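*Asks:* My structure is below; once you've seen it, I'll send some questions.
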Amino acid sequence: MKRTNPVKFWAQRLSLRHVLTGMVLLWVLLLILFPLGGMFQKVLAAEPVSCLKSLLAPSARLSFKLTFWLTLGAVILNTFFGLVIALILVRQNFRGKLLLEGLIDLPFAVSPVVTGFMFITLFGNNSIMGHFFDEKGIRIIYAFPGMMLVTLFVTFPFVIREIVPVLKEYGVEQEESAYVLGASSWQTFRKVTLPSIKWGLLYGITLTIARSIGEFGAVLVVSGAIINKTQTATLYVHQQFTDFNYTGAFAAASVLALISFVFIMMIQFSQKKVKGGTWE
């Protein structure tokens with residue numbers, strides 16, 4: 001009886017689709033789930049009292065509070081201006097449009113550390129603008145305004161890049177119909193345009209939140225990481241790690257990861273619920 005080669009047997013049974021699916025799942029497992037699992041394993045292995053004590057420390061609470069305000073400011077401002085810019089890019093033709101589209105993607109290409117130094121050059125003590133604001137009693141660098149500016153910079157493209165493709169796909173026919181029927185610009189935007197881009201807008205906001213929460217390099221440069229003053233949650237994690245307080249570092253890092261994950265999954269579940277779909 002002729003024996004079948006097991007390698008050839010399974011190669012025939014498995015299709016290319018299954019192989020590619022397995023490769024993708026393995027890659028996600030190695031790149032995302034293993035690191036997350038390792039971090040949460042460290043937290044679970046530590047004493048709950050120690051983790052809670054680290055998270056409730058005054059410096060930790062202030063760092064999370066500062067991260068919250070930076071994130072809130074970035075979401076409000078970049079959502080408003082991102083929505084306006086996206087509408088202009090899709091609905092208007094003007095000279096310099098291509099340059100504007102390139103500048104919008106600049107935060108993706110520039111290192112966060114370089115971003116921080118850019119703002120120090122612009123608003124530092126030796127700069128013209130820095131000297132101007134110092135005379136007015138307004139501190140930009142090593143203070144909240146500078147941290148807010150770099151957070152706005154690194155999160156600037158997300159809302160725009162999520163909305164623009166949706167607007168292009170949606171077209172202008174329904175908006176023009178609303179105008180013909182007598183609707184005002186605000187009514188058309190609220191009842192026609194906004195519902196059509198809501199999922200792109202929500203994805204952009206979610207990415208802005210996640211990026212604001214996780215920003216490190218740019219904020220580190222412009223803030224100075226002053227404990228109880230300009231230390232965000234990510235800077236607190238770094239400081240705890242360098243001080244060999246691994247329990248506090250992993251506990252705070254786990255909270256940040258969970259917050260970002262919850263926001264992303266909320267959008268996914270909401271979209272599936274509205275569409276009446278099921279997980280595939």
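*Asks:* Within the stretch 35-53, can one find any residue that is in a helix (DSSP H, G or I), within 24 Å of residue 234 (Cα to Cα), at pLDDT 90 or above and of a type in the set (Phe, Trp, Tyr)?
*Replies:* Taking every residue of the stretch 35-53 in turn, none turns out to be in a helix (DSSP H, G or I), within 24 Å of residue 234 (Cα to Cα), at pLDDT 90 or above and of a type in the set (Phe, Trp, Tyr).
*Asks:* In addition: Among the residues that make up the stretch 65-88, is at least one of them farther than 22 Å from residue 204 by Cα, in a helix (DSSP H, G or I) and at pLDDT 85 or above?
*Replies:* Yes.
*Asks:* Is it the case that residue 59 is over 28 Å from residue 201 (Cβ atoms), touching a Leu at 6+ places or on another chain (Cβ under 8 Å) and either exposed (fewer than 14 other Cβ atoms within 10 Å of the Cβ) or in contact (Cβ under 8 Å) with a residue 24 or more places away in the chain (or both)?
*Replies:* Numbers: over 28 Å from residue 201 (Cβ atoms): yes; touching a Leu at 6+ places or on another chain (Cβ under 8 Å): no; either exposed (fewer than 14 other Cβ atoms within 10 Å of the Cβ) or in contact (Cβ under 8 Å) with a residue 24 or more places away in the chain (or both): yes.
For residue 59, the condition - over 28 Å from residue 201 (Cβ atoms), touching a Leu at 6+ places or on another chain (Cβ under 8 Å) and either exposed (fewer than 14 other Cβ atoms within 10 Å of the Cβ) or in contact (Cβ under 8 Å) with a residue 24 or more places away in the chain (or both) - is not met.
One line per residue, one yes/no per condition, for (1) touching a residue at least 12 places away in the same chain (Cβ under 8 Å); (2) over 19 Å from residue 105 (Cα atoms); (3) not hydrophobic (A, V, I, L, M, F, W, C):
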| position | (1), (2), (3) |
| --- | --- |
| 150 | yes, no, no |
| 162 | yes, no, yes |
| 165 | yes, no, yes |
| 178 | yes, yes, no |
| 181 | no, yes, no |
| 197 | yes, yes, no |
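*Asks:* Among the residues of the stretch 193-229, write down those that are among the hydrophobic types (A, V, I, L, M, F, W, C), surrounded by 20 or more Cβ atoms within 10 Å (Cβ to Cβ) and farther than 30 Å from residue 119 by Cβ.
*Replies:* 197
For every residue, the table says whether it meets (1) without any contact (Cβ under 8 Å) to a residue 60 or more places away in the chain; (2) among the basic types (Lys, Arg); (3) touching a strand residue (DSSP E or B) at 6+ places or on another chain (Cβ under 8 Å); (4) loosely packed, with under 11 Cβ neighbours inside 10 Å.
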residue: 29; (1), (2), (3), (4): yes, no, no, no
residue: 32; (1), (2), (3), (4): yes, no, no, yes
residue: 48; (1), (2), (3), (4): yes, no, no, yes
residue: 63; (1), (2), (3), (4): no, no, no, no
residue: 84; (1), (2), (3), (4): yes, no, no, no
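The values are calculated or read from the model by the stated rules, or taken from the named source; none is laboratory data. No experiment lies behind these values; they were computed from the predicted model shown. Cβ: placed from backbone, ideal geometry, glycine included. Neighbour counts: every protein chain shown.
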